[in-house]
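Novice: Dropping the structure in here first, questions after.
Just so you know, all these numbers are worked out from the coordinates, no wet-lab data involved. These numbers come from a predicted model, not from an experiment. With ideal geometry, Cβ positions are generated from the backbone for all residues, glycine too; neighbour counts draw on all protein chains shown.
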Amino acid sequence: MAAYEQRRWRQAERQFGELAARGEALGDYNLAMMHLRREAARPDLALAQQLLKRASERGLVRAELSLGQFYEEGVLGRRDLVQAHAWYLKAAEHGSVDAQVAVGTAFYLGRGAPLDMAQAARWYREAANGGDEGAQYLIASMYETGLGVDRDLRLASYWYAAAASNGDLAAKAKVKALAEALSAEAAAI
């Protein structure tokens, strides 16, 4: 990594290649990223794809996430949202918060996956539990409106508060509004 960080591309490429040849997933991954970023001597996007697949087979979750991005961005030509979703789903199941957000969004928008608000909520909740501010806001909104989940203003308030504590300004306003709504509900009982 020292050679890479010092922008000595040829040395870094050689060292990552040696690690990859020894079966190291990070060697495959880092070499693939050099090809994708056009830092390799002869950038080869198809080789980058192969290296990422090999790194994912060797258990590297960030390679699964990168393959999702690879297909979503259409690095080799056409975008393939179904393939992107499949890779994001693998990474999400292995705990990648970024992939969990991507999977939630795929289900929320029906992009590469069937439109399924319950699955969107499931994956946004996973990412929210992992600390993703955007997912915290989204799952709060889903609880507030009952989209894909039972409407629950207390859970909505909880998740808005989590997003607000992570710096989401809109969530701070939502916390206040929901506190007022919950007080009104309690007073009506």
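Novice: Need the list of lysines near Lys90 for cross-linking: C-alpha distance under 18 angstrom, and skip anything on the same chain fewer than eight residues off.
Specialist: List returned: Lys53.
Novice: Could you give the length gained on full extension between Met1 and Ala41, defined as 0.36 nm per residue of separation minus the Cα-Cα distance, in nm?
Specialist: My answer for the length gained is 12.7 nm.
Novice: Per-residue ellipticity at 222 nm for the chain, helices alone: DSSP H runs ≥ 4 residues times -39500 (n - 2.57), over residue total, nearest 500 deg cm²/dmol?
Specialist: -23500 deg cm²/dmol
Novice: Helix 117-129 versus the longest principal axis of the chain: what angle, 0 to 90°, nearest 10, using Cα atoms?
Specialist: On a 0 to 90 degree scale, this one is about 80.
Novice: Taking the highest mean first, how do the peptides 15-21, 99-105, 47-53, 169-175 order by number of other beta carbon atoms within 10 angstrom per residue?
Specialist: Sorting 15-21, 99-105, 47-53, 169-175 by mean packing, highest first, produces 99-105, 47-53, 15-21, 169-175.
Novice: What number do you get for the range 18-128 when its Cα radius of gyration is normalised by 2.2 N^0.38 Å, N = residues?
Specialist: 1.10
Novice: Here is a further query. For labels at Asp150 and Arg79 in the simple 7 Å Cα→Cβ model, what's the distance in nm?
Specialist: 3.7 nm
Novice: Now, a different point. Taking the mean number of other Cβ atoms within 10 Å as a proxy for protection, how do you rank 76-83, 134-141 from highest to lowest?
Specialist: Listed from highest to lowest mean packing, they are 134-141, 76-83.
Novice: Along the range 93-103, what does the Karplus equation 6.51 cos²θ - 1.76 cosθ + 1.60 (θ = phi - 60°) give for ³J(HN,Hα), rounded to whole Hz, x for Gly and Pro?
Specialist: So the Karplus estimates, Gly and Pro as x, are 5, 8, x, 6, 5, 4, 5, 4, 5, 4, 5 Hz.
Novice: Dividing the Cα radius of gyration by the Kirkwood radius, what Rg/Rh value follows for the range 97-164?
Specialist: 0.96
Novice: For a quick check: with amide H placed at 1.01 Å from N, whose amide H comes under 5 Å from Asp44's, ignoring anything fewer than 5 positions away on the same chain?
Specialist: Sorted by chain and number, the residues that satisfy this come to none at all.
Novice: Where does the charge balance sit around Leu155 when Lys and Arg score +1, Asp and Glu -1, over other residues with C-beta under 11 Å from its C-beta?
Specialist: Summing Lys/Arg as +1 and Asp/Glu as -1 gives 0.
Novice: If you don't mind, there's one more thing I want to ask. What is the Cα convex hull volume of the chain when expressed per residue in Å³?
Specialist: Taking the convex hull of the Cα positions in the chain, it is 120 Å³ per residue.
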